[in-house]
Each structure stands twice: as structure tokens, then as C-alpha cells.
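What follows draws every value from the coordinates through simple rules; no lab data is involved. Please read all numbers here as calculations on a predicted model, not as lab measurements. Cβ placement follows ideal geometry from the backbone for every residue including glycine, while neighbour counts extend to all protein chains displayed.
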């Protein structure tokens, strides 16, 4: 509680309209990219440990919980740039990693 | 975003909840109705009011009926448009299927006909027919109101263009999960919310109490349903294996099919089908041997009329939550057993359980009713959220002369009472439209959308008092419409079918008796609500209570909400 209270005291000015649009867009598109990357990497990585279908099912069972965390985080974090950078960036990196892993698997 | 985690979560909860709340209202409400979709079908299709039937004999009854199936005209037209050329006069049949549950008196059969499309080798159109499995009689094509209108509304809002409704529902489901998590952050005193409801206080206070109470009380239900719904459609929302891993996924699937010993393609050599009844007997024996005796829920014939044809028999999931088919596959020509599906591996079993939890094929009427109550409590939670949004802001908006609260209130009327009015209107239309009317089902649907559009216009037209921070009379008037239409539906059911409540109750025919009772209860609650709203509008002291300024609640921590 005390952490929350401390945080609450550190009130900052409301975001401008542009900042808000940038954050909502970053949260939605970034989370989607992150979810896509999560599945791409999960399927490619997981299918080295288990059958392809199991890896896909496992990734699909988890991805929506990951998305909920992404969306909440995207609105909790201070900087809009961080939202775009982390979510979209990690999404792209995971997609690429999955793609490379799957290419070697073939 | 706003300096504190809790304020940021409040912003997220308020604004995403508001924008997607209207969609969520529809999804939760029609999802609740879908729990009893087959029973609503019975109410709306009087010729099908008899007891559920097991899968009839394939050899004696279904085989000749399948042979008569022809492609649907609208699917043929769509396929012609897709290909840009006329189709052959008669299309070769690919597959047959029949599906039933422990709640289905009638049986639906379908066939898939191959369409020669070089771009998509699997391209096909459907033909289907509904039969009375007691006699084999083909029933006329009628709109199955529960399973063909309310249920698809729950899944995809009937916005079929590019699956846009499915995406919207999926996004709304994700927002529901986010709203639950952020809602828990906003309301720190979860335990206290469970026991707090002050209906006598002002509307802002009591709507928030009810929002918190229903939200916390059914929290596990409200979380599991959007989540499992999303998992069911995961492949639609994230088509990763259909796009970037397409070759890998295709190779894996074909390997699976080959491992089962099932022919991937037809041989091109015509051949007769062996006795399917004998295969059903073997399948039932296999299920018994595994300690899970059961009935046939789903039966398919793949590569119909070909030497490579095979028959798949799946078990109805009436006795467990987990949705396992326990499929047993047979060679269509020799009738020998090709493959018996083993128990699913770990991740797939978890998914089977979660999917079964959402789709509830099990036979347990008390649980079924708890699903309805859970879904309706979701509606109450979402609806009171919308009402709270308006009532928290209307005084401020009235002072500043802005009309935001007014339009949100009009939309809330449309999404809450208007949705009920439209639902009851389609039931009334179902009983009133003449049986011989051309495209009767289309007219039923039109009555639904038209009534809903009318309720939107009415809600907007009557919303002016919200600008003065007063209650919109549209709430009261639409409650009266619900009371009138609900009673009318019960009365019309009696007049047009002769099945009045005393009869159906005495006979214990619950699909119709239960739905009539629900309609009467809905009408009663709506009438009581309308009277109460009327009293409040006339009584100045009650008006004062609903006008209590928002500042009153600022001392309480929950007032940070929205």
C-alpha cells in the first residue's frame, strides 16, 4: 500500500491528446505484435521439445494471459516510447527468432 | 501513464470498459441465451417440440436422406461470384456429416460439395437439411432462433464480412479480461465489496455497489469465459501457423493423418459404403472397453462414394466437462477399424477441458442454470458500469453544458433495455409471421434489427433530460415495452400452438415451459422497474436522492473509480 501511496503523491500532468493516441495505438498494436511473436517463438522453440501441435496449443493457451499483462503494463509505464519499443520491438524480435529457429528445424 | 499505477488502471478500466462495454453487453447476454439455445429452438419451432432423440440408423434412415441433399442456392451464388464463372450443373459430393446432442429432438445433416477451384483445392459448398429422427421426415427450412440467430450473435454479432464481428468480439473479450484485472486494482477492498449493496442510496452509489458486487462475486466466471472463448478462436486471432509456418503446419497435419492411417485424398475409384450401423456398434464397444460408454454425437463420411472413403464416429460429450470426441475411424469400403484416437497429450487435454468448460456439452441442468446466472451477472456488472459512468458525470456535464453523458446514456439504454426489446420482438415476430411467408427467417431477423434501431432512435430522442442531470424517460418506457412484449410472446405461444403454461408444466415439457416462465419473469421485473422509475420521476424527494452531487462520495476510496 505504501508504495502505491508514494506513487500517488507523485502526480504528473495529464497526457496530451497526441500522447494518449500514441499510447493507445502502441498498447494495441504493440500487444498484438508481442502476442504474435510469443506464438511464433513458442511454436518454433516448443516444437523442438514436443510435437508441433502441442507447442501450438500451449502457445495459444498462454498468449491471451500474456496480452492482458502487456495491455496493463502499456498503461502503467511512464514513457510512450517504451510502450512502442518494448512491445513492438520484442514482438518483432521474437517473430524473427521464431522464423530462424523454424527455418533450421525444417 | 497518470503518475500512479492505480490511476492509470482506472483510466484503462473506465475508457476501454466504456467503448467495448456495449459489445460485451451483447456478448454476455446472447451467450447466456445460448446456454439454452436448443430449448429456445423448441419454443420458436413448434413442430420440433418432442423429446431429444439418439442418432438414428445410418443404413436405414440417413443414407437415402444424404443422397437427396443438394447445395444451398445462396452458397452456390457465393461460389460463382468467388470463381467468376458459372458452376457445373451437378457438383460432386465430398463429405457427409450428422450432429446431435442430448438436447436435440431434431437432427441436422449436411453435405459438402466440391467446387472446382484451382486456387483452393478444398473449396466447397454445403447442403443441409433438418429431419425428424423418429420418422426420417424432412422438416421445412426454418430459422432456428436459438442456435442459428442468438448463438451466432454471441460469437460474431452477425457481422460476417471478413469475420469483422468475430474480431470485435475477441477484442471485447480481451478488454473484459483487462477490465477485470484493472478493476481489481481499482477496488482494493475486494472482500468488503462482496457484502456491500446500498440500493437506497443515490443512483451513482448503488450502481457502483452492484457493479462491484457482481464483478467480485462472479469474478472466476467472468474471467474464464472471455479467456476460454479467446482460446477457442486463437487460430483466428493469431493465424501464425496458417501464415508464416504454413508449410510446417501442413506437413505436421498430413503426418498426423498418415499416422492414423486415414486417406488424405480420394482414390478416384467409385466404391460402395459398407454398413455404418455395424461401425457404430464397434465404436460404442470401444468406448465401453475404455470405461466411457456413450452415444454418437457426430458422424462423418469423408470421400463419399470413393474407394478411399472413411467413416469417423465421435462420442457425445454428455457426461463430462472435457470435450473429447474419442473418435473411432473406419474404412468406408471394408468397414474395418482404421484408427482409434488415443487420449490427448498434456496441452491438448488442458485445451479440451477449457473448450468443454465454455461449450458445456455436459448434461447437468443445475450447472446449466448457474451458467445463465453467471452470464447475466456479467450483464449486470457491465450494465451498471455504463450506468455509473453516466451518473458520475451527468451533473458535471450539466453544469458545463456538454452532452457526453447524454449520448452515453442513450447508448446504454439501447444496449440494455433496447437489446431486450429487440430480442422479445423477434420472438413475437416468430409467432406472428405467417408460416407460408417467403423467407420467413429473414423477416424474423429484420424485425430484430429494425426494433433495435427503433430503440436507439427512441433512446436518443428521449435523452434530453440527461442534459439537466435527470433520468432519461427512455429507460422507463423501454421497460414497459419489455413487459408488454414479454407477456405478448407467452400469450402468442399459447394462441398459435395451444401449448399454454399449465399444459407444458403438467407435461413436464421444460424447454417450452421454462422459456415461457423466463419470459413472464422478465416481463414482471421490467414492469416493476418501470413503475419504480415512474415513481422516482414523480416524487421530488426520490429525485433529490438521485441528484446527490458526486462530491458526496469522494471521501470513499472507490470513488476513484471511473
As an exercise, use a Förster radius of 25 Å and the Cβ-Cβ distance of residue A:49 and residue A:93 to find the FRET efficiency, rounded to the nearest 0.05. 0.75
For region B:286-352 and region A:24-95, distance of Cα centres in Å: 35
By the gyration tensor of its Cα atoms, with a ≥ b ≥ c the square roots of the eigenvalues, what is the shape of the protein assembly as shown: rounded for a/c under 1.5, prolate for a/b over b/c, or oblate? oblate
Looking at the square roots a ≥ b ≥ c of the eigenvalues of the Cα gyration tensor of region B:84-204, which shape do they give, rounded for a/c under 1.5, prolate if a/b is larger than b/c, or oblate? prolate
Could you state the number of Å between the C-alpha centres of region B:119-138 and region B:1-65? 24
Ordered by packing density, taken as the mean number of other Cβ atoms within 10 Å over each peptide's residues, highest first, how do B:205-211, B:280-286 rank? B:205-211, B:280-286
Can you figure out the FRET efficiency of residue B:192 with residue B:259, using R₀ = 60 Å and their beta-carbon distance, to the nearest 0.05? 0.60
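Using 0.36 nm times the number of residues separating residue B:337 and residue B:464, minus their current alpha carbon distance, what extension gain do you get?
38.7 nm
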Can you give me the angle between helix B:404-413 and the longest principal axis of chain B, using Cα atoms only, in degrees from 0 to 90, rounded to the nearest 10? 50
Could you work out how far the C-alpha centroid of region B:484-545 sits from that of region B:356-399, in angstrom? 20
Calculate how steeply helix B:5-34 sits against the longest principal axis of the alpha-carbon atoms of chain B, using the helix alpha-carbon long axis, and give the answer as 0 to 90 degrees to the nearest 10. 50
Enter the angle in degrees (range 0 to 90, nearest 10) between the Cα long axis of helix B:473-497 and the first principal axis of the Cα atoms of chain B, meaning the one along which they spread out most. 40
Extending each Cα 7 Å along its Cβ direction at residue B:63 and residue B:281, get the distance between those two points in nm, one decimal. 1.4
Gain in length, residue B:454 to residue B:400, computed as 0.36 nm per residue apart minus the alpha-carbon separation, to one decimal in nm? 16.4 nm
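Between residue B:184 and residue B:290, what's the calculated FRET efficiency when r is the beta-carbon distance and R0 is 51 Å? Round to 0.05.
Working: r = 42 Å, r/R0 = 0.83.
FRET efficiency, residue B:184 to residue B:290: 0.75.
Is it possible to state the helix-based mean residue ellipticity at 222 nm for the protein assembly as shown, with each DSSP H run of 4+ residues giving -39500 (n - 2.57), the sum divided by total residues, to the nearest 500 deg cm²/dmol? What is it? Mind showing how you got there, number by number?
Values: 26 runs with 397 residues, N = 668.
Computed ellipticity for the protein assembly as shown at 222 nm equals -19500 deg cm²/dmol.
Expressed in nm to one decimal, what extension gain is obtained for the pair residue B:50 and residue B:138 from 0.36 nm per residue of sequence separation less their Cα-Cα distance? Write down the numbers at each step before the final one.
Details: separation 88, 0.36 × 88 = 31.68 nm, distance 1.54 nm.
So the extension gain works out to 30.1 nm.
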Using a ≥ b ≥ c from the Cα gyration tensor of chain B (square roots of the eigenvalues), is it rounded, prolate or oblate, where a/c under 1.5 gives rounded and otherwise the larger of a/b and b/c decides, a/b for prolate? prolate
